[in-house]
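Encoded as structure tokens, the structure appears first; notes follow it.
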Amino acid sequence: MASSKSLRILYAAIDQTVPGTLGGSVHVRAVAEGLAALGHDVHTLVARGAEAWPPGPVRWHDVEAPGGRAQFRLLATREVTRITRAVAPDLVLERYHNFGGEGMLAARAVGAKYVLEVNAPVVDYPGSPKSRVDRALVVQPMRRWRERQVRAADLIVSPSAQILPDWVPADRVLEVEWGADTVRFNPAASGDVVWHRQQGGMAVVFAGAFRAWHGAAQLVEAVRLLRSRGICDVQAVLIGDGPERAAVQESSRGLDQVIFTGTVAHERMPTALSAADVGVAPFDVERHPPLRLGFYWSPLKIFEYMASGLPVVAPALPRLRSIVRHEVEGVLYDPATPAALADALASMRDPERRHRLGVAARARAEREYSWRAHCAKLDEAFRGLF
């Protein structure tokens, strides 16, 4: 029978920064605050950001992966264990990394339940350089270590079981999507907007890291193609930063409909999104080899678009088809067809259509993709361990 008492939870995520703007940072903060809102005593180990700790009941502990590099996380085991002994948690929740495991060792040291949160593949994708190195070392130390973390877990939390070894029992896995703060992200979010809207037309927004597989370049190409067709009233707003930004910005030369805002604090994102008409997530899975395993991400940007009442335009990938239903919460396009993204954007120029899809997107986000719903599932599963 599940326990009804509140739990003392230690959340080890020392390769993440809080406060922060990246998806991992947002995720860790939302989960910690969501569990605390359900009555649990939550202590979270993260690297401290430039600003003050978030207010509220979560106890934040400043523990950074040595040198700020996740590959060195295990070197922080002594400090993590020291804090764990002082906190004396009932349960340790660790954010998985191949070179992590400090939470596992600390949980064992204090006799706490151990939950592994897996957001990246535990198994190697076909052609993985890491797997070749591992095999060259004969005993495959990286595979053995990550599998040790998995075997030690009383429960594994992941958006997709396909990134776990196939020998993991199904009853030890909780499949659950990420979410959005559906209170802060809403269609009526107000405040200073970080971008200027052109008069008339439609504004589409891309938010996220500028990495090749996030598809920002494809969005710019689609706007250029629309312009070549004489469609000049589609404005694209690209929010974020990353290694591909300079190249994408250069590719937008001559397109005054394309705006780059740079990094935006997460607290300002609700108004940045609610001011737009459409949310675009043009993932290019061919540019990211680990996605050969399948689209395993739980796409934070899509949930925040939906919470903001934006219809979503995204590629018709298997997992995305279950998150965004074509012609229900958005429009899905064939990523193998060169002009498909441009065609999808052009199809969204009808305000009545956008409104219908956006209302449905908001309703589904509230129902299924809120952090509240995510943490309620964690709460039930965690209590079931006792």
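The values are calculated or read from the model by the stated rules, or taken from the named source; none is laboratory data. Here the structure is a predicted model, which means the values were calculated and not measured. Don't worry about glycine lacking a Cβ; one is built from the backbone with ideal geometry, like all the others, and counts go over all protein chains shown.
For this structure, a couple of remarks:
- The residue that is surrounded by the fewest Cβ atoms within 10 Å (Cβ to Cβ), counting only those in the stretch 1-53 that are of a type in the set (S, T, N, Q) and part of a loop (DSSP other than H, G, I, E, B), is Ser4.
- Extreme residue, surrounded by the fewest Cβ atoms within 10 Å (Cβ to Cβ), among residues of the stretch 288-342 that are without any contact (Cβ under 8 Å) to a residue 12 or more places away in the chain and charged (D, E, K, R): Arg321
- Test: residue in the stretch 124-135 that is closer than 24 Å to His27 by Cβ, out of contact with any Cys (no Cβ under 8 Å at 6 or more places or on another chain), buried (at least 17 other Cβ atoms within 10 Å of the Cβ) and not aromatic (Phe, Trp, Tyr): yes
- For the residues Arg349, Arg354, Arg383, the requirement of being more than 19 Å from the chain's Cα centre (by Cα), over 29 Å from Ala189 (Cα atoms) and modelled with pLDDT of 95 or more singles out Arg383.
- Matching residues in the stretch 271-322 - criterion: being among the aliphatic types (A, V, I, L, M), at pLDDT 95 or above and under 15 Å from Ala212 (Cβ atoms): Ala281
- Qualifying residue in the stretch 60-70 (condition: in contact with a Pro (Cβ under 9 Å, 6 or more places away or on another chain) and within 28 Å of Ala373 (Cβ to Cβ)): yes
- Long-range neighbours under 7 Å by Cβ, at least six apart or interchain, first residue aromatic (Phe, Trp, Tyr) within the stretch 145-167, second crowded, with 19+ Cβ neighbours inside 10 Å: Trp145/Gly101
- Set side by side, the residues Ala180, Ala247, Ala209 differ, and just one is within 28 Å of Arg367 (Cα to Cα) and surrounded by fewer than 20 Cβ atoms within 10 Å (Cβ to Cβ), which is Ala209.
Results for (1) at pLDDT 95 or above; (2) in a helix (DSSP H, G or I), shown as yes or no for each residue.
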residue: Val157; (1), (2): yes, no
residue: Asp171; (1), (2): yes, yes
residue: Ala188; (1), (2): yes, no
residue: Val205; (1), (2): yes, no
residue: Trp213; (1), (2): no, yes
residue: Ala217; (1), (2): yes, yes
residue: Leu226; (1), (2): yes, yes
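- Scope the stretch 307-333; condition small (Gly, Ala, Ser) and assigned to a helix (DSSP H, G or I); matching residues: Ala307, Ser322
- Within the stretch 62-79, not a single residue is buried (at least 20 other Cβ atoms within 10 Å of the Cβ) and under 24 Å from Arg383 (Cα atoms).
- Residue in the stretch 60-67 that is part of a helix (DSSP H, G or I) and over 27 Å from Leu385 (Cα atoms) present: yes
- Of residues in the stretch 68-105 being of a type in the set (Phe, Trp, Tyr) and in a loop (DSSP other than H, G, I, E, B), the one nearest to Val122 (Cα to Cα): Tyr96
- Within the stretch 345-371, the set of residues being of a type outside the set (Asp, Glu), part of a helix (DSSP H, G or I) and either in contact with a Leu (Cβ under 8 Å, 6 or more places away or on another chain) or surrounded by fewer than 17 Cβ atoms within 10 Å (Cβ to Cβ) (or both) comprises Leu345, Ala346, Ser347, Pro351, Arg353, His355, Arg356, Gly358, Val359, Ala361, Ala363, Arg367.
- Count - residues of the stretch 236-291 that are polar (S, T, N, Q) and either in contact with a Lys or Arg (Cβ under 7 Å, 6 or more places away or on another chain) or in a loop (DSSP other than H, G, I, E, B) (or both): 3
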